[in-house]
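Heads up: the structure comes next, in structure tokens.
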Amino acid sequence: MIPVSNRASTIEYAIRDVVVPATKLESEGHNIIKLNIGDPIAYPGLPTPKHMVDAYVDGLESGNNGYSPSYGLPRLRKAIAADETRKGWDCSENDVYVCHGVTEALQIIFAATLEEGSKVLAPGPHYPPYMAYPQMYGATTIEYSLKSDDGWSIDLDDIESKMDSDVRLLVLINPNNPTGNVASTEEIDKLLNIAKKWPNCMIVADEIYDGLDFTGEHVSVASRSDSVPVFSLNGVSKVYYAPGWRIGYMAIHDPVTSMTDVRDGIERLLRSRLCASTPAQLGYIAGLEGDRTWMAEYCQRVKNRRQLCLDRIEKINGIEVEKPGGAFYMFVRLTDEKWASDDKQFVLDLLHEEYVLVVHGSGFSPEKGLGHFRLVYLADEDTLNIAFDRIDSFLTRHRTAKKS
């Protein structure tokens, strides 16, 4: 048997791993209610805006589908820079690098900044690639705590206690995936003040959900930094409802010009992998430069579905949730003793007995996500109600069985 590399064999991605048993059930004829993946296109009423699709198609039909420059189409970089500048910091098109989604941007950043012994400090719970990718470069990911009983706010004392000279990247996912927490300006300023003490530390500000902020408090991390370098990450997937296009970007805020060598490394890596999809970039340009009034209607639909979930969870014995401030996720706490220490078994049993698919919280952090599950609340109201009816029935049945 030819051996597999350790870096590949140890990677887990809970969000898609749970699809494997669901697919088997589907092949047997069962209809699965899928609340596991943050793909807005998978749910009704949230299509990619037509003017963006038209621009994408026009690129194909006009033959504008060759290689683009490695850092992205100049017009797109300029549009992104203008959008970031509107968020409160001076971003130029030369600060913007277009990638195959935020996931590739992360891989490029990790490759350019990490080496054996480096550390990444990321929130727990968090999006799985922040744990999976750094180890490919000999680095380790250290989790800092989010306060599960305080709206998943940032535990700044925990960050301070874990900072040292080996921490190269301090990650803030804002709004957070999977909890939906939105960091306050005060929290961000305090986080920057901690990072300021370590001259080799850079901030990764994953802001892919920034247009889905229901608190009115979201601010760009780069807009608050006058000395700490920041990678601002964003893209077309979530707020523009086009995840399959795989277009994201990193925008580098380097207020004291300390990232010259890092930027050179990033550019070398980007040139070596050619470019992101050209027609998809054209579609993103249309989204950034065109009408955005549609966003308010989409946002209201998401908020309505969020409220339905909050109302239903409040009435179900065995689960509770900290109200999310943004994105389209809920990180639901399992309060029944049977499931609080085995959330993965809850997810698998719920799938096989009720045909509802969610993601186990321990898949987002074995320690800090334990006893939770992540639910995507983008499905239509009827589907969400059916899902909660089944979750309620499942919890009641198992509670009754335990007593008997």
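The values are calculated or read from the model by the stated rules, or taken from the named source; none is laboratory data. Note that the structure is predicted; figures quoted are calculated from it, not measured. All Cβ positions, even for glycine, are placed from backbone atoms using ideal geometry, and neighbour counts span all protein chains on display.
Scanning segment 198-216 for residues that are within 18 Å of H253 (Cα to Cα) and surrounded by fewer than 18 Cβ atoms within 10 Å (Cβ to Cβ) turns up W198, P199, N200. If we scan segment 294-308, do we find a residue that is out of contact with any Pro (no Cβ under 9 Å at 6 or more places or on another chain) and not in a helix (DSSP H, G or I)? Within segment 294-308 (the criterion being out of contact with any Pro (no Cβ under 9 Å at 6 or more places or on another chain) and not in a helix (DSSP H, G or I)), the answer is no, since none of the residues qualifies. Listed by position, the strands (runs of 3 or more DSSP E) enclosed by segment 201-292 that each have at least 1 residues that are modelled with pLDDT of 95 or more and over 20 Å from the mean Cα position of the chain (by Cα) are 248-253.
When A122 is tested against (1) small (G, A, S); (2) surrounded by fewer than 19 Cβ atoms within 10 Å (Cβ to Cβ); (3) closer than 18 Å to A195 by Cβ, exactly one condition is not met: (2). Could we say that E320 is farther than 30 Å from L106 by Cα and either at pLDDT below 95 or not in a loop (DSSP other than H, G, I, E, B) (or both) here? Spelling it out, E320 is indeed farther than 30 Å from L106 by Cα and either at pLDDT below 95 or not in a loop (DSSP other than H, G, I, E, B) (or both). When D166 is tested against (1) touching a strand residue (DSSP E or B) at 6+ places or on another chain (Cβ under 8 Å); (2) among the acidic types (D, E); (3) within 19 Å of A205 (Cβ to Cβ), exactly one condition is not met: (3).
The number of residues in segment 26-66 being among the small types (G, A, S), at negative phi and more than 24 Å from the chain's Cα centre (by Cα) comes to 5. Among the residues of segment 80-100, those that are closer than 27 Å to D39 by Cα and surrounded by 22 or more Cβ atoms within 10 Å (Cβ to Cβ) comprise I80, E84, V96, Y97, V98, C99. Of all residues in segment 137-150, those satisfying the criterion of being touching a residue at least 40 places away in the same chain (Cβ under 8 Å) and crowded, with 16+ Cβ neighbours inside 10 Å are E143, S145, L146, S148. Residues in segment 30-42 that are out of contact with any helix residue (DSSP H, G or I) (no Cβ under 8 Å at 6 or more places or on another chain) and closer than 19 Å to L375 by Cβ: N31, A42.
Each residue in segment 298-342 was checked for being over 18 Å from F364 (Cβ atoms), in contact with a Lys or Arg (Cβ under 8 Å, 6 or more places away or on another chain) and not polar (S, T, N, Q), and 4 pass. Those residues that are more than 27 Å from M136 (Cβ to Cβ) and aromatic (F, W, Y), I need them from segment 54-112; list them, please. Y56, W89 - these are the residues of segment 54-112 that are more than 27 Å from M136 (Cβ to Cβ) and aromatic (F, W, Y).
Here the condition is being touching a strand residue (DSSP E or B) at 6+ places or on another chain (Cβ under 6 Å) and either of a type in the set (V, I, T) or crowded, with 23+ Cβ neighbours inside 10 Å (or both); of A340, A276, A327, it holds for A276 alone.
Out of E354, E337, E367, one residue alone is among the acidic types (D, E) and over 22 Å from D149 (Cα atoms). It is E354.
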